[in-house]
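This report concerns only the one structure given below.
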């Protein structure tokens, strides 16, 4: 068989993605493609995911032997279609690439493709993973095992890949493949890759050292993400330890997320046990699961927002006075005197302490106007409106 020297490049568009595809029978072009792939993904070579598929020659007669005509490889949005049937020779770079045990070659019934490659060209694919069985295990949904690639893509990616019979059964050993064949071959490898693809945008987002990811025992979540998916979270901050340090209250370290939210945000988040222990790997999450998951992340963000703010004035009241430990002590004495004089306000002491504690926790200032209204002491403490320097005059109240 003569070997054509024609190679071509194509930009295949699929649901907004641009897949840069190289079609070639040339071993030299394969060398170049693999070298570029290794360079681009040099930081992921220990866990590289590669979409793999093959197309076969039509049998010379019914029931006749079908030799592999092309192999398709896809990493990210780069696809190689190597015309094995017309190749000048099989390069060592491809042999090493397919034989690398650190790479995972994925596809529907991909082991069949691997076996056929070895049978026809003695090409050994070291590590394969069937996307049907992978999805069935990941989502605990056995139906995925029996689904074809088109059905899997529809269900998991919500996309449709064209599978016209006239292309499926076309002459894959043609020297010059038609555009429709190139698109078909490219998409088969691309969607196989996409089925378990984690977008680079998420990897970069989690790995950004300028971002702070907050939550209760959030480092445990970060460790699990790395263990299961090799996702690195660069900077975490535990809201309980943060709160304990900011408010000098060690009790916060032992609080769960629900208690922290109640104490710091004065809100209640539902934590029903049946949702906590529900099937989170279900293909379709229930509304209750979505609400639960959303609120956990949202209140963690809200706590982080609160804790990141410096202790400052409560801006809802224009009448404020700076509090120092000495001032707090003077207020304590003053309100004690007022409480003893105002017998009609029985819970004044409890209310006074609550107001002062809440003010100290959230601010280094307190709204005296609001405080004395809440305590029912409008007239008795009116004298401290102008600041702590007037406290001494009010000791005779």
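Just so it is clear, none of the values below were taken in a lab; they were calculated from the coordinates. Every value quoted in this text rests on a predicted model; they were computed, and no experiment measured them. Using ideal geometry, Cβ is built from the backbone for each residue, glycine included, and neighbour counts are taken over all protein chains shown.
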At 10 °C and a viscosity of 1.306 mPa s, what translational diffusion coefficient does Stokes-Einstein give for region 8-194, taking Rh as the Kirkwood radius over Cα pairs? Give it in µm²/s as a whole number. 95
By count of other Cβ within 10 Å, fewest leading, how are 41, 85, 241 ordered? 241, 41, 85
I'd like the antiparallel share, as a percent to the nearest 5, of DSSP beta bridges with both residues in region 8-194. 60
Could you work out how far apart the two model spin labels at residue 138 and residue 288 are, taking each label as a point 7 Å from the Cα in the direction of the beta carbon, and quote it in nm? 2.7
Distance between modelled label sites at residue 219 and residue 43, nm, 7 Å Cα→Cβ extension: 2.3
Region 114-273: D in µm²/s via Stokes-Einstein (Kirkwood Rh, Cα pairs, 20 °C, 1.002 mPa s)? 104
Would you compute the Debye intensity of region 200-308 from its alpha-carbon atoms alone, equal scatterers and no solvent, and pass along log10 I(q)/I(0) at q = 0.10, 0.11, 0.13 Å⁻¹ to two decimals? -0.32, -0.39, -0.55
Gain in length, residue 308 to residue 280, computed as 0.36 nm per residue apart minus the alpha-carbon separation, to one decimal in nm? 7.0 nm
